[in-house]
Amino acid sequence: MDKYKKVLEKKEPYIQFSDEEINEMGWEEGQKLSISYDEHTNAIVLKPYVKVDIDMSTWDRGLLEFLVSESCVKDVSCNQIIEDILRDSIKQKDFSRKEKQLLCE
């Protein structure tokens with residue numbers, strides 16, 4: 001085993017947008033984007049995440065402790081835990097077979 005270690009550089013690709021481009025697309029500075037590849041058009045598709053405001057004031061203490069505990073175990077933010085739960089829940093639903101319902105009047 002080597003006694004001395006080298007400091008290595010890790011480069012990651014990224015796309016830089018100008019302030020004008022961000023404003024033109026209606027994005028916010030630092031907004032999170034999803035990225036996918038469309039095989040039919042050979043295009044990379046960027047979609048901004050939709051901002052969702054959730055009122056957690058009515059959540060019971062057990063649920064809040066679960067979120068904090070999971071975030072510590074997985075070493076991610078509570079927001080990431082909530083996002084993962086919502087994403088998994090949506091994936092499990094089969095919206096294509098359900099009849100359309102009026103959610104509110």
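Bear in mind that the values in this text are calculations on the coordinates, not laboratory data. Bear in mind the structure is a predicted one, so any value in this text is a computation, not a measurement. Here Cβ is always computed from backbone atoms with ideal geometry, including for glycine, and neighbour counts include all displayed protein chains.
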>> From the phi angles alone, apply the Karplus equation (6.51, -1.76, 1.60; θ = phi - 60°) to the range 5-20 and give each ³J(HN,Hα) in whole Hz, x where the residue is Gly or Pro.
In response: 10, 8, 7, 9, 10, 10, 9, 10, x, 8, 10, 9, 10, 6, 4, 5
> Can you pull the Rg over Rh of the range 12-51, Cα-only, Kirkwood?
Replying inline: 0.99
>> Could you tell me the extents of the range 29-70's C-alpha atoms along the three principal axes, largest first, rounded to whole Å?
In response: 48, 22, 16
> Residue-wise, which Karplus ³J(HN,Hα) couplings in Hz belong to the range 71-87, taking 6.51 cos²θ - 1.76 cosθ + 1.60, θ = phi - 60°, and x for glycine or proline?
Replying inline: 5, 6, 5, 8, 6, 9, 6, 4, 4, 5, 4, 4, 4, 4, 5, 5, 4
>> Could you tell me the relative contact order of the range 1-69? Use alpha-carbon pairs under 8 Å, at least six residues apart, and round to a whole percent.
In response: 17 percent
> If you place +1 on the Cβ of every Lys and Arg and -1 on the Cβ of every Asp and Glu, how big does the dipole about the Cα centre of the chain come out, in debye to the nearest 20?
Replying inline: 600 debye
> Using bins 10 angstrom wide from zero, how does P(r) for the chain break down, in % of all Cα pairs?
Replying inline: 9, 22, 31, 25, 10, 2, 1, 0
> Order of TYR37, TYR4 from fewest to most other C-beta atoms within 10 Å?
Replying inline: TYR4, TYR37
> Along the three principal axes, how long is the range 53-92 when you take its alpha carbons, biggest first, rounded to the nearest angstrom?
Replying inline: 27, 24, 17
